Amino acid sequence: MRLLFVADPLEDFKIAKDSSFTMMREAAARGHMLFACEPRDLVWERGGRVTARLRQIALTSDPTAWFTELETPSTPLAELDAVVMRKDPPFDSEYFYATHLLQQAEREGARVFNKPAALRDHPEKLAILEFPQFIGPTLVTRDAGEIKRFHAEHGDVILKPLDGMGGMGIFRVGPDGLNLGSITETLNKGGAQTVMVQRYLPEIVQGDKRILVIGGEPVPFSLARIPQGSEIRGNLAAGGKGVAQPLSARDREIASTLGPILAARGLLLAGLDVIGDSLTEINVTSPTCFREITDQTGFDVPKMFIDALEAALRRT
């Protein structure tokens, strides 16, 4: 098969932990042809189809020069077997435009994973609102008065922007309310931007668990990202320590409920973030932790993903 990965620049991949790289390696081991491009390479013109300037690559065994490249002419995406959208957040205007170009490619016959419309319909912070039975006390607003009221009710809260990634822009305000007004002004831009506020979950000390759901089925291990030192964030990008562990009964309940729903909407891969017993985010753009879970448990996450991708292609 001819597989295209729409991603960040290949030169920026950190292959020791990059989940997209593990997908590529598994696909290459099965004999599939690998192509890559960035969202900026997508082009559409009236009378034609969505095309991209592709980089055909072959993987090497050298970690410092992990691929070789063949020049490939602009190719219609519909002529490839699958397009895997793996561009990292932020989900900004350019990401939004890329999903529309990929959706046009779908109309022309391309098979895109995750589906572009589903990416737009599931903003990673706000997607949890659909599943209130699994989330802790949560407020979404741009109103400073509502944030103050929520803090007064719950005492210890987390505030975060809706477009952040890797733990960026997350603040904790304790019962003393110290700096609540200043933090609110910083995040809501004086009432111009919406923020999320959640009751602080002390279970974060045991880790912010990433549960991968592939083809509607959960990977049997999560990666608990444990904050280090005085840090409140477990994100690996913020210095958290990743520890793989079997899913708890509550983890399985959440994943088994959401998995079939998300898969039916065209989300072949999703990453559920759970602290304690509470769902906190649904990641759909480029969920990670493949490498860490595989290395620590022996469960082959990339194999499960490529199996699911091949099965999805056989159904279409």
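The values are calculated or read from the model by the stated rules, or taken from the named source; none is laboratory data. Model, not experiment: these values are computed from the prediction. As a convention, Cβ positions derive from the backbone with ideal geometry for all residues, glycine included, and neighbour counts pool all protein chains shown.
Summary table below
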{"quantity": "Boolean, Asp176 is charged (D, E, K, R), within 21 Å of the chain's Cα centre (by Cα) and surrounded by fewer than 19 Cβ atoms within 10 Å (Cβ to Cβ)", "calculated": "no"}
{"quantity": "Residue count, segment 144-169 (criterion: buried (at least 16 other Cβ atoms within 10 Å of the Cβ) and not in a loop (DSSP other than H, G, I, E, B))", "calculated": "10"}
{"quantity": "Ala127 being outside the structural domain of Ser256 (by TED's automatic domain parsing), within 30 Å of Arg314 (Cβ to Cβ), surrounded by 14 or more Cβ atoms within 10 Å (Cβ to Cβ) and modelled with pLDDT of 95 or more", "calculated": "yes"}
{"quantity": "Members of segment 1-24 that are part of a helix (DSSP H, G or I) and crowded, with 16+ Cβ neighbours inside 10 Å", "calculated": "Leu10, Ser19, Ser20, Phe21, Thr22, Met23, Met24"}
{"quantity": "Index of the failed condition, Arg40 passing every other in (1) touching a residue at least 60 places away in the same chain (Cβ under 8 Å); (2) under 21 Å from Asp8 (Cβ atoms)", "calculated": "(1)"}
{"quantity": "Hits in segment 108-123 - residues which are touching a Phe, Trp or Tyr at 6+ places or on another chain (Cβ under 8 Å) and assigned to a loop (DSSP other than H, G, I, E, B)", "calculated": "Pro123"}
{"quantity": "Enumeration of residues in segment 202-238 that are hydrophobic (A, V, I, L, M, F, W, C), buried (at least 19 other Cβ atoms within 10 Å of the Cβ) and out of contact with any Asp or Glu (no Cβ under 9 Å at 6 or more places or on another chain)", "calculated": "Ile204, Leu212, Val213, Val219, Phe221"}
{"quantity": "Residue in segment 94-117 that is closer than 16 Å to Phe21 by Cβ and buried (at least 19 other Cβ atoms within 10 Å of the Cβ) present", "calculated": "no"}
{"quantity": "Some residue of segment 50-67 being of a type in the set (Gly, Ala, Ser), in contact with a Leu (Cβ under 6 Å, 6 or more places away or on another chain) and surrounded by 11 or more Cβ atoms within 10 Å (Cβ to Cβ)", "calculated": "yes"}
{"quantity": "Residues (among the charged types (D, E, K, R) and more than 20 Å from the chain's Cα centre (by Cα)) located in segment 12-32", "calculated": "Arg30"}
{"quantity": "Residue match in segment 295-315 (condition: surrounded by fewer than 21 Cβ atoms within 10 Å (Cβ to Cβ), of a type in the set (Val, Ile, Thr) and either within 25 Å of Pro90 (Cβ to Cβ) or at pLDDT 95 or above (or both))", "calculated": "yes"}
{"quantity": "Selection within segment 195-209 - touching a strand residue (DSSP E or B) at 6+ places or on another chain (Cβ under 6 Å) and either of a type in the set (Gly, Ala, Ser) or not in a strand (DSSP E or B) (or both)", "calculated": "Tyr200, Leu201, Glu203, Ile204, Gly207"}
{"quantity": "Hey, Ile254 under 21 Å from Gly166 (Cα atoms) and either buried (at least 20 other Cβ atoms within 10 Å of the Cβ) or touching a Phe, Trp or Tyr at 6+ places or on another chain (Cβ under 6 Å) (or both) or not", "calculated": "no"}
{"quantity": "Condition check for Arg55: more than 20 Å from Glu108 (Cα to Cα), touching a strand residue (DSSP E or B) at 6+ places or on another chain (Cβ under 8 Å) and touching a residue at least 24 places away in the same chain (Cβ under 8 Å)", "calculated": "yes"}
{"quantity": "Hey, Arg40 farther than 30 Å from Leu162 by Cβ and not assigned by TED's automatic domain parsing to the domain that holds Glu292 or not", "calculated": "no"}
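Per-residue answers, yes or no, for (1) among the small types (Gly, Ala, Ser); (2) part of a loop (DSSP other than H, G, I, E, B); (3) under 17 Å from Leu4 (Cα atoms):
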residue	(1), (2), (3)
Ala58	yes, no, yes
Asp62	no, yes, no
Leu70	no, no, yes
Val83	no, no, yes
Pro90	no, yes, no
Glu94	no, no, no
Tyr97	no, no, no
